[in-house]
Amino acid sequence: MFLEVKNLYKEFGGVVANAGISFGLEKGEIVGLIGPNGAGKTTLFNCIAGYYKPTSGKVLFKDKDITGWPAHRTARAGIGRTFQIIRMMERLTVEENVMVGAFCRINDREAARRDAQEILELVNLEEEANAHPTELPIATQKRIELARALAIEPELLTLDEIASGLNPLETIQIIDTLRGIHKEKNLTLLLTEHVMEFIMRISERIIVMAAGRKIAEGSPEEVARKEEVIKAYLGEKYAKGK
Amino acid sequence: MVGKMKAVVGILKDTFSFNDLPLSERIAFAAFLVFVFFFPWIVHASYPRVVMIRFLLFAMYGLGWNLIGGYGGQVDLGQAKNVGFGAFATALMITWWGVPFWITVPVGIIVAVAESFAVAYPMFRLRGHYFAIATLCVALVWQKLFLFWDWTGGARGVEIPIKSAPNFTYMQFGTIGYHYFIFALFMAEFLFMNWFRKSKMSYELQAVRDNEAAAASLGINVTWTKVKTYLITAAMGAVGGSFYAVYHLYIDPRCVMQLDLSILIAMTAMVGGAGSIWGPILGAAILIPLDMYLGALLGGKGFYGIDFIIYALIIMVIAAREPRGIWGIIERARRRGYVLRG
C-alpha cells in the first residue's frame with residue numbers, strides 16, 4: 001500500500017472530527033474525497049500532511065509510519081499539498097514562490113530558478129513569473145499553489161479544494177492540467193472537492209465521508225448510486241424515495 | 001572537489017555581485033561609498049565625524065536586525081542585550097587580562113549566540129506582538145542583572161585602560177582611525193547581507209515570514225529557520241557592541257543594554273525599509289543625524305524633548321502610511337514610473 005490510513009481519530013476538545021477513518025491508496029491512483037461541509041475532509045488532510053497530530057490511529061506512507069510527523073518532514077518524505085484557503089508568500093514573486101518549493105531538493109539558486117520556470121510552464125504560468133501572487137486572480141493563485149507543491153517533487157499530492165471558486169471553464173482547464181501532470185510525473189493524487197462535476201470527472205475512485213466517518217467507497221458511478229451517500233447529501237427523505 | 005570549488009566561487013560571486021540591482025541603485029551606492037571613504041578628508045570638524053561614525057555603527061546594527069526583523073518578520077525589541085554581551089566581553093577581557101581586541105570579539109559572539117540559543121526555542125513559541133514583548137523582557141532582565149552584578153562593574157560600568165599610542169591590538173586610535181575601522185566592519189556586514197539576500201536561507205526565511213503553513217508544506221522547518229536567523233542577528237549585534245566598547249572606552253549597562261538602544265536599532269531598519277538591503281542604511285542616515293543634530297540644536301535652546309516628538313511623528317507616519325518604510329515608498333513610486341528604472 002502506498003498510503004495507508006488506519007483507524008484514524010482526531011478530536012478537538014469534545015468534537016470528533018475524524019472517527020476511525022481507514023483507507024488506502026495505490027501508487028498512481030487518483031482518489032477523490034467527498035462529503036458535506038464539516039465531514040472532516042480537511043482535518044483528515046491535515047492529519048496526513050502533519051499539520052495536526054491524530055488523537056489515535058496510524059498513517060503509513062510507503063510502509064513507513066509517519067503518524068504525527070511535523071509538516072516539513074512529511075513534505076520532505078514526498079507528500080505535497082495545496083491549501084483550501086490560498087496561502088501565498090505575498091512579498092515574493094510567483095517564480096520565487098515556486099523556487100522556495102524547489103529549494104526543498106536543490107541548494108543551488110539558479111538550478112532552483114530553472115526548475116521553477118519549468119514547473120511554471122507545466123501549469124501555464126510562465127507569463128506571470130515576475131508578478132506578485134496577490135495581484136493575480138484566484139484561479140491563477142490556485143495554479144501557483146499547485147506549481148509550488150509540485151516543486152518539492154512529491155510522490156503523493158493532496159489537493160484541498162483546488163477547484164473551488166473557479167468557473168466551469170477554469171475547472172475544465174485545471175482538470176486538464178492535473179491529468180497532464182499525473183501522467184508526466186507519475187503522481188498519486190488525493191483530492192477533496194465540493195464541485196461534484198470536477199471530482200466525478202477526475203477521480204478513479206471516490207471515498208465519501210460524513211460526520212467524521214467514511215460512509216462509502218467505490219468508483220464514481222457506484223458511489224453516486226449508494227443510498228448512504230444520497231442520505232448524507234440530501235437527507236433521509238430523498239434516499240427513501242429512491 | 002570540483003563541486004566544492006564551484007560552490008565557493010558561487011558564494012564569492014553572490015557576495016560581491018550587485019548585478020541583479022538596477023543601475024541607479026548601484027550608482028547611488030557607489031557614490032555613497034566614495035563619500036563615506038573620503039569623508040574625514042572632506043570634513044575636518046570633529047562633531048560631524050562623530051555623527052558619521054555613529055551613523056555607520058547604527059547602519060551596521062540595522063543590517064543585523066534586518067535579518068530577523070526584516071527578512072524574518074519577527075520584531076525583535078531586545079537587540080541591545082547582544083550589543084551588551086559584545087561590549088562587556090570586550091571591555092571586561094581587555095580590562096581584566098589585557099586580552100587583544102580581536103580575541104574578545106569571537107568571545108562576545110559566542111556569549112551572545114549561546115544566550116540567544118538558550119532563549120530562542122521558548123520565545124519562538126510566541127508570535128507577533130507577544131514575541132516582541134518577550135524579546136524586550138529578556139533584554140531588560142539582562143540589563144538589570146548587569147546593573148546588580150558586581151563582577152561586571154555593576155552600575156559604575158567598565159573603563160578600558162587608555163593606551164598612549166595608536167594601537168591595533170586594542171584598537172585604540174583617533175577619530176579617523178575609528179572611522180575606517182567601523183567602515184570596514186560595516187562593509188563586512190553589508191557584503192554578508194548581499195550574499196544572504198540571494199541565498200537559499202533568505203528565500204526560506206521570507207517564506208516563513210509571509211506564510212508559515214505554506215513554508216512548512218514546502219519542507220521548511222519553520223522554528224529552526226527562525227532560530228538560525230535569530231542567532232546570526234545576535235552575532236552581528238555583538239560585533240557592534242565590541243566596537244562600541246573600544247570606541248567609547250567606557251561602557252555601563254545603561255548605555256549598551258538600554259531599551260532605547262533596542263528600539264533605535266529596530267527603528268533604523270523599519271524606518272528605512274525592513275526586508276530590503278538599503279533599508280537600514282537609509283534609516284540610519286535619517287535617524288542618526290536627526291537624533292544628534294536636532295537634539296543638540298533644540299536642547300541647546302531649551303526645547304528639551306522636541307527632537308523626541310519629531311522622532312515619534314516620523315515613526316507614526318511611517319507605521320501608518322507605509323509599513324515598508326522609506327524604501328517601500330521609493331519602490332511604490334518606481335512601480336508607478338515616477339523614478340526612472342535603472
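R0 = 51 Å: FRET efficiency of A:N186 with B:F192, Cβ-based, nearest 0.05?
Calculated value: 0.75.
Peptides B:232-238, A:138-144, A:224-230, B:71-77: what's the order by average Cβ count within 10 Å, highest mean first?
Listed from highest to lowest mean packing, they are B:232-238, B:71-77, A:138-144, A:224-230.
Working from the pairwise distances between different alpha carbons, so that the mean of 1/r is found and then inverted, what is the range A:116-242's Kirkwood radius in Å?
16.2 Å
What is the interface area between chains B and A, defined as buried accessible area summed over both chains with a 1.4 Å probe, reported in Å² to the nearest 100?
Roughly 2200 Å².
Can you tell me the Rg and the Dmax, both Å, for the Cα atoms in chain A?
18.0, 62
Pick out the long, greasy-scoring helices in chain B: whole DSSP H runs spanning 24 Å or more along their own axis by Cα, mean Kyte-Doolittle at least -1.0.
Going by DSSP H runs, the hits are B:23-42, B:46-65, B:79-97, B:101-123, B:128-148, B:175-196, B:222-248.
Within a Cβ distance under 15 Å of A:R201, other residues only, what is the Lys/Arg minus Asp/Glu net charge?
After counting each charged neighbour, the total is -4.
Provide the three semi-axes, in whole Å and in decreasing order, of the ellipsoid equivalent to the range B:187-342 as defined by the square roots of 5 times the Cα gyration tensor eigenvalues.
The three semi-axes for the range B:187-342 are 31, 23, 15 Å.
Quick one: compute the contact order of chain A, relative version, from alpha carbon pairs under 8 angstrom and 6+ residues apart, as a percent.
25 percent
Write down Rg/Rh for the range B:126-206, rounded to two decimals, with Rg from the C-alpha atoms and Rh from the Kirkwood relation over Cα pairs.
1.13
For q values of 0.13, 0.17 Å⁻¹, compute log₁₀ I(q)/I(0) with the Debye formula on a Cα-only model of the range A:174-242, without solvent.
With no solvent term, the Cα-only Debye profile gives -0.43, -0.67.
From largest accessible area down, sort A:T67, B:T104; use a 1.4 Å probe on the protein chains.
Correct descending sequence by accessible area is A:T67, B:T104.
Please report the orientation-averaged projected area of the range B:257-342, defined via the convex hull of its C-alpha atoms, in nm². Intermediate results must be reported in sequence, preceding the final value.
Numbers: hull surface 26.9 nm².
The number I arrive at for the range B:257-342 is 6.7 nm².
Determine the share of the protein assembly as shown's accessible area contributed by carbon and sulfur atoms, expressed in whole percent, with a 1.4 angstrom probe. Kindly include the intermediate steps, with their values, before the conclusion.
On the way: 15990 of 25910 Å².
The computed percentage sits at 62.
Kindly flag which residue pairs out of A:K10/A:K183; A:K27/B:K226; B:K198/B:K228; A:K64/A:K142 have an alpha-carbon separation exceeding 27 Å in this structure. If you can, show how the numbers build up before the last one.
Details: A:K10/A:K183 33 Å; A:K27/B:K226 36 Å; B:K198/B:K228 17 Å; A:K64/A:K142 30 Å.
Violating the 27 Å limit, Cα to Cα: A:K10/A:K183; A:K27/B:K226; A:K64/A:K142.
Along the charge dipole of the range B:83-192, which of B:A89, B:H129, B:P106 sits closest to the positive end, that is, farthest toward it, with unit charges on the beta carbon of Lys, Arg, Asp and Glu (+1, +1, -1, -1)?
Positive-end residue among those listed: B:H129.
Roughly how many whole Å is it from the C-alpha centroid of the range B:111-145 to that of the range B:243-294?
Centre-to-centre (Cα) distance: 19 Å.
Identify the chymotrypsin sites (Phe, Trp or Tyr not before Pro) of the range B:87-169 meeting these criteria: DSSP loop state and at most 16 other C-beta atoms within 10 Å of the C-beta. Let's see the in-between values first.
Numbers: sites: B:F88, B:W96, B:W97, B:F101, B:W102, B:F117, B:F124, B:Y130, B:F131, B:W142, B:F146, B:F148, B:W149, B:W151, B:F168; in loops: B:F124, B:W149, B:W151, B:F168.
Sparse-neighbourhood loop chymotrypsin sites (Phe, Trp or Tyr not before Pro): B:W149, B:W151, B:F168.
Across every pair of different alpha-carbon atoms, what Kirkwood hydrodynamic radius in Å does the protein assembly as shown reach?
26.9 Å
Using the Kirkwood radius over Cα pairs, work out the Stokes-Einstein diffusion coefficient for the range B:76-145 at 10 °C and 1.306 mPa s, in µm²/s as a whole number.
After rounding, the answer is 124 µm²/s.
Return the Cα extents of chain B along principal axes one, two and three, sorted largest first, each rounded to a whole Å.
Per principal axis, max minus min of the Cα coordinates gives 54, 48, 44 Å.
Give the Cα extents of the range B:28-158 along the principal axes, in whole Å, largest first.
Result for the range B:28-158: principal-axis Cα extents of 49, 40, 24 Å.
Can you give the convex hull volume per residue for the Cα atoms of the range B:1-95, as a whole number of Å³? Could you put the intermediate results ahead of the total?
Working: hull volume 20.0 nm³, N = 95.
Dividing the Cα hull volume of the range B:1-95 by its residue count gives 210 Å³.
Once you average over the residues of A:42-54, how many Cβ atoms of partner chains fall within 10 Å of each Cβ?
Average neighbour count from other chains, rounded to a whole number: 1.
In Å and whole numbers, how far do the C-alpha atoms of the range B:196-284 stretch along each principal axis, longest first?
Computed over the Cα atoms, the extents are 49, 25, 22 Å.
Report, in debye and to the nearest 20, how large the dipole of chain B comes out about its Cα centre when Lys and Arg carry +1 and Asp and Glu carry -1 on their Cβ.
Working: 27 positive and 17 negative charges, 153 e Å.
So the magnitude is around 740 debye.
Over all directions, what mean area does the Cα convex hull of the range A:40-119 project, stated in square nanometres?
On the way: hull surface 25.5 nm².
Convex hull of Cα atoms, orientation-averaged projection: 6.4 nm².
Using a Förster distance of 25 Å, how high is the FRET efficiency between B:R334 and B:L290, based on the Cβ-Cβ distance and rounded to 0.05?
It comes out at approximately 0.50.
Per 5 Å bin from zero, what fraction in whole % of the C-alpha pairs of the range A:17-68 is there, up to the bin with the longest pair?
Per 5 Å bin, starting at zero, the Cα-Cα P(r) for the range A:17-68 comes out as 4, 18, 28, 28, 17, 5, 0 percent.
Size of the dipole of the protein assembly as shown about the Cα centre, Lys and Arg at +1 and Asp and Glu at -1 on the beta carbon, nothing else charged, in debye to 20?
560 debye
Less than 20 Å apart at the alpha-carbon level, and either on another chain or at least 8 residues along: which lysines does that give for A:K231?
Counting by Cα, and skipping residues close in sequence, A:K231 has these lysines nearby: A:K41, A:K214, A:K240, A:K242.
Report A:W69's accessible area, 1.4 Å probe, all protein chains in place, as a number in Å² to the nearest 10.
50 Å²
What is the percent of Cα-Cα separations in the range B:12-55 that go past 18 Å?
45 percent
Among B:S17, A:L33, A:A151, which residue has its Cα positioned farthest towards the positive end of the charge dipole of the protein assembly as shown, with +1 placed on the Cβ of Lys and Arg, -1 on the Cβ of Asp and Glu, and the dipole taken about the Cα centre?
Positive-most Cα among the choices belongs to B:S17.
Give me the Å³ per residue figure for the convex hull around the C-alpha atoms of the range B:44-86.
Taking the convex hull of the Cα positions in the range B:44-86, it is 79 Å³ per residue.
Evaluated at 10 °C with a viscosity of 1.306 mPa s, what Stokes-Einstein diffusion coefficient in µm²/s does the range A:136-208 have when Rh comes from the Kirkwood expression over alpha-carbon pairs?
Taking Rh from Cα pairs, D becomes 127 µm²/s.
If r is the Cβ-Cβ distance from B:A114 to A:N124 and R0 is 56 Å, what FRET efficiency results, to the nearest 0.05?
0.65
Please state the relative contact order of the range B:1-160 as a whole percent: Cα pairs under 8 Å, 6+ residues apart?
21 percent
Report the charge-dipole magnitude of the range B:116-224 in Debye, nearest 20, computed about the Cα centre from +1 at each Lys and Arg Cβ and -1 at each Asp and Glu Cβ.
Details: 9 positive and 6 negative charges, 17 e Å.
That gives the range B:116-224 a dipole magnitude of about 80 debye.
At a threshold of 8 angstrom on Cα-Cα distance, excluding pairs fewer than six apart, so keeping six or more, what relative contact order does chain B reach in percent?
Numbers: 503 pairs, mean separation 102.7, N = 342.
30 percent.
Could you rank B:F190, B:F29 by how accessible they are, 1.4 Å probe, largest area first?
Largest accessible area first, the list is B:F29, B:F190.
The values are calculated or read from the model by the stated rules, or taken from the named source; none is laboratory data. Source: prediction; values computed, not measured. Virtual Cβ from ideal backbone geometry, glycine too; neighbours counted across all protein chains shown. Heavy atoms of the whole protein, side chains included, go into the accessibility calculation; ligands, DNA and RNA do not. Shrake-Rupley method; radii C 1.70, N 1.55, O 1.52, S 1.80 Å.
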